[in-house]
Amino acid sequence: MSTFHWFPMVNGYSGYYPASYLERLDRLHTFPSERAMNQLRHDNVQYVILHAGQYQPTVVNEIRSRIIRDGLLIEIAEFNALDGLAVLYRMR
C-alpha cells in the first residue's frame, strides 16, 4: 500500500517488491501493448499513472495517441508531478 493514497500497488512499496515483480515489469515495459494491458487486467489494476517526464516527448505522444485510438483507458486528469506532467487514467 502507498502511504500517500492507501491503494494497493502492483509494483511493491517501501523497498520491497513481490517475487513476480520482474516478470510483471517485463510485460509492462511495452505499455500500452496488448501484453501490458492483459497484465494490468490480470492484476485487477483500476488506475494507471503515466509519468510523461520519464519519456521522450515523441514517445509520450505515441503512447497517449495509442491509448486514445484503441480506447484502452479513460483519461481522468493531468497534473504536475515532481518529474513533470503526469496523466491519470482509469481502466475500462
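Bear in mind these aren't lab numbers, they're just calculated from the coordinates by the rules spelled out. Everything quoted here is computed from the prediction, not taken from an experiment. Quick reminder, even Gly has a Cβ in these numbers, built from the backbone with ideal geometry, and neighbours come from all protein chains shown.
List of remarks:
- Potential lengthening of the chain between residue 22 and residue 90 amounts to 22.1 nm, from the contour at 0.36 nm per residue minus the alpha-carbon distance.
- Most mobile of 82, 72, 28 in a GNM of the chain (Cα contacts under 10 Å): 82
- Placing pseudo-labels 7 Å out from each Cα toward the beta carbon at residue 74 and residue 43 gives an inter-label distance of 2.1 nm.
- Reported label for calculated Kirkwood radius over Cα pairs in Å given [x] 12.8; [y] 14.7; [z] 14.0: [z]
- Highest-fluctuation residue, 50, 73, 22 considered, GNM on the chain with Cα pairs under 10 Å: 22
- When the Gaussian network model of the chain links Cα atoms closer than 10 Å, the mean-square fluctuations of 19, 36, 77 top out at 19.
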